[in-house]
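Everything on this sheet refers to the single structure shown next.
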Amino acid sequence: MATSFFNEKNGDSQLTIYAMGNCHIDTAWLWTYDETKRKCARSWSSTLRLMDSYPKLNFAISQAQQIVWLRENYPQLYERVIEKAKEGRFFGVGGSWVEMDGNLPSGESFVRQLLYGQREFQQVFGRASDTFWLPDTFGYSAQLPQIMEAAGMTRFVTQKMSWSLINKFPHSSFWWEGIDGTKVLAHFPPHHYCAEVTVQECLETAENFRDKGRNNGAMMLYGHGDGGGGPTADILERLDRLANCDGIPKIVTATPTQFFDQLEKDGDSLCLWSGELFLELHNATYTTQADVKKMNRMCEFLLREQEFVQAIRFAQTGEFRSMEAEWKLVLLNQFHDVLPGTSIADVYFDAKNIYRRV
Ligand SMILES: [Zn+2]
């Protein structure tokens, strides 16, 4: 009875949902960096196990720092993730060292986030990411399109703008133009980044999608998140049953690249948003934990000056000391719940120790 109901096919004009597994693992928030290392291992090992039973399951890994932690602390698990990555089941997205704050870091820091992130992705997954992935950051500087493009990413995913208190952002799929005129293709999945592929979520995805008539696809990022977890058997069973069921958007399994390839075909129909993406929420994050913001800026200046010194030294002696290790520590603390001030006190104890070390 249920099977015949789920097999009633959809009409051709239904919205298509491009579903992909993920588990938003905040690099620190209501827990410390050390706990995140364990969260990565737990979330990705349970995802690995589910992949054996559910061939549709594919999974996005963002944040190069988390992959490095897995390699250092759980080398056998890391090797299993790499094996599945070769089959295309795990794939890297975002190209950044961590999913950083989108307003407070300097331009140089943004560049380093993507430079070190993309290098790591290239090494681990054999290819750099083409999609910049910051689902949970509290607003986006208009510098970012130019920096993204320079780092090889012309596509952008976030979900956060739907959290704005007063003005609803008018688009789900659009061109985002930066201060220098660079345009990147942007998509806001119309549902939360911790979707569970329920009928209600699928219907709300269609209802919240704001660019009907311009394109007929939307992303759905499924899997428990905001601290890891990832997909479950229940979610994957629903993904199967609802794939083509009358009255509900069609669901296909896809990578961000596949989603954006189809979106790009309708690129001429999409609207343009020029300048900053301002989030009307979390505004107190600009004044909270001021010490951390000050130390971030001091370290950014220190590292830049040190690089000048090292460049002169290189010119005179042929010797040079890279600041990469110190930069990666500063980049870590730029995570979107650390630098903005939204984490627990223990996180700031660790963060300040890191700044003192730098
Ligand atoms: Zn987050």
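Can Glu72 be described as more than 24 Å from Leu236 (Cβ to Cβ) and either within 20 Å of the chain's Cα centre (by Cα) or outside the structural domain of Gly229 (by TED's automatic domain parsing) (or both)?
No, not satisfied.
When the residues of the stretch 158-192 are filtered to those that are among the basic types (Lys, Arg) and open to solvent by 10 Å² or more (accessible area, probe 1.4 Å), which remaining residue is nearest to Asn215 (Cα to Cα)?
Lys183
On the given criteria, is Leu339 of a type in the set (A, V, I, L, M), closer than 30 Å to Tyr18 by Cβ, open to solvent by less than 40 Å² (accessible area, probe 1.4 Å) and in contact (Cβ under 8 Å) with a residue 60 or more places away in the chain?
no
Would you confirm whether any residue within the stretch 118-140 is within 28 Å of Asn333 (Cα to Cα), open to solvent by 10 Å² or more (accessible area, probe 1.4 Å), in a loop (DSSP other than H, G, I, E, B) and small (Gly, Ala, Ser)?
Within the stretch 118-140, one or more residues are within 28 Å of Asn333 (Cα to Cα), open to solvent by 10 Å² or more (accessible area, probe 1.4 Å), in a loop (DSSP other than H, G, I, E, B) and small (Gly, Ala, Ser).
Can you go through Ala28, Ala60 and tell me which one is open to solvent by less than 40 Å² (accessible area, probe 1.4 Å), over 24 Å from Ala218 (Cβ atoms) and within 15 Å of the ligand (Cβ to nearest atom)?
Testing whether each residue is open to solvent by less than 40 Å² (accessible area, probe 1.4 Å), over 24 Å from Ala218 (Cβ atoms) and within 15 Å of the ligand (Cβ to nearest atom) leaves just Ala28.
Out of Ser322, Ser343, which single residue is in a loop (DSSP other than H, G, I, E, B) and within 28 Å of Ala284 (Cβ to Cβ)?
Exactly one of Ser322, Ser343 is in a loop (DSSP other than H, G, I, E, B) and within 28 Å of Ala284 (Cβ to Cβ), namely Ser343.
Would you pick out the residues in the stretch 138-157 that are out of contact with any strand residue (DSSP E or B) (no Cβ under 7 Å at 6 or more places or on another chain) and in contact (Cβ under 8 Å) with a residue 60 or more places away in the chain?
Phe138, Ser141, Ala142
Here is a yes/no grid of residues against (1) touching a residue at least 40 places away in the same chain (Cβ under 8 Å); (2) open to solvent by 10 Å² or more (accessible area, probe 1.4 Å); (3) outside the structural domain of Pro105 (by TED's automatic domain parsing):
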{"residue": "Arg304", "(1), (2), (3)": "yes, yes, yes"}
{"residue": "Ala311", "(1), (2), (3)": "no, yes, yes"}
{"residue": "Ala315", "(1), (2), (3)": "no, yes, yes"}
{"residue": "Phe320", "(1), (2), (3)": "no, yes, yes"}
{"residue": "Val347", "(1), (2), (3)": "yes, no, yes"}
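Can you list the strands (runs of 3 or more DSSP E) lying wholly within the stretch 166-245 that have 2 or more residues being among the aliphatic types (A, V, I, L, M)?
183-187, 217-222
How about the stretch 1-92: which helices (runs of 4 or more DSSP H) wholly inside it have at least 2 residues that are under 30 Å from Lys250 (Cα atoms)?
Once the helices (runs of 4 or more DSSP H) in the stretch 1-92 are filtered for at least 2 residues that are under 30 Å from Lys250 (Cα atoms), what remains is 2-6, 33-53, 75-86.
Yes/no matrix, rows are residues, columns are (1) within 27 Å of Trp327 (Cβ to Cβ); (2) polar (S, T, N, Q); (3) within 16 Å of the ligand (Cβ to nearest atom); (4) open to solvent by 70 Å² or more (accessible area, probe 1.4 Å):
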{"residue": "Ala2", "(1), (2), (3), (4)": "no, no, no, no"}
{"residue": "Glu8", "(1), (2), (3), (4)": "no, no, no, yes"}
{"residue": "Ile17", "(1), (2), (3), (4)": "no, no, no, no"}
{"residue": "Pro55", "(1), (2), (3), (4)": "no, no, no, yes"}
{"residue": "Asn73", "(1), (2), (3), (4)": "yes, yes, no, yes"}
{"residue": "Gln76", "(1), (2), (3), (4)": "no, yes, no, yes"}
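Which of the residues belonging to the stretch 243-263 are in contact with a Phe, Trp or Tyr (Cβ under 7 Å, 6 or more places away or on another chain), at pLDDT 95 or above and open to solvent by less than 10 Å² (accessible area, probe 1.4 Å)?
Correct list: Ala254, Phe259.
A quick yes/no check of all residues on (1) out of contact with any helix residue (DSSP H, G or I) (no Cβ under 7 Å at 6 or more places or on another chain); (2) in the same structural domain as Tyr193 (by TED's automatic domain parsing); (3) touching a residue at least 12 places away in the same chain (Cβ under 8 Å); (4) away from the ligand (no atom under 15 Å from the Cβ):
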position	(1), (2), (3), (4)
Tyr33	no, yes, yes, no
Lys37	no, yes, yes, yes
Ala41	no, yes, yes, yes
Trp44	no, yes, yes, yes
Gly88	yes, yes, yes, yes
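If you go through the stretch 105-116 one residue at a time, do you hit one that is farther than 19 Å from Gln65 by Cα, away from the ligand (no atom under 16 Å from the Cβ) and part of a loop (DSSP other than H, G, I, E, B)?
yes
Quick one: what pairs do we get from the stretch 218-234, first residue under 18 Å from Val157 (Cα atoms), second part of a loop (DSSP other than H, G, I, E, B) and of a type in the set (Gly, Ala, Ser), C-beta under 7 Å, 6+ apart or different chains?
That search, which allows pairs on different chains as well, returns Ala218/Ser172; Gly223/Gly229.
For the stretch 280-299, what are the residues that are surrounded by fewer than 19 Cβ atoms within 10 Å (Cβ to Cβ) and in a helix (DSSP H, G or I)?
Of everything in the stretch 280-299, those that are surrounded by fewer than 19 Cβ atoms within 10 Å (Cβ to Cβ) and in a helix (DSSP H, G or I) turn out to be Asn283, Ala284, Tyr286, Ala290, Asp291, Lys293, Lys294, Arg297, Met298.
The values are calculated or read from the model by the stated rules, or taken from the named source; none is laboratory data. Predicted model, so just to flag it, every value in this text is computed and none were measured. We place every Cβ from the backbone using ideal geometry, glycine too, and count neighbours over all the protein chains shown. Note: areas computed on protein heavy atoms with side chains; ligands, DNA, RNA excluded. Shrake-Rupley method; radii C 1.70, N 1.55, O 1.52, S 1.80 Å.
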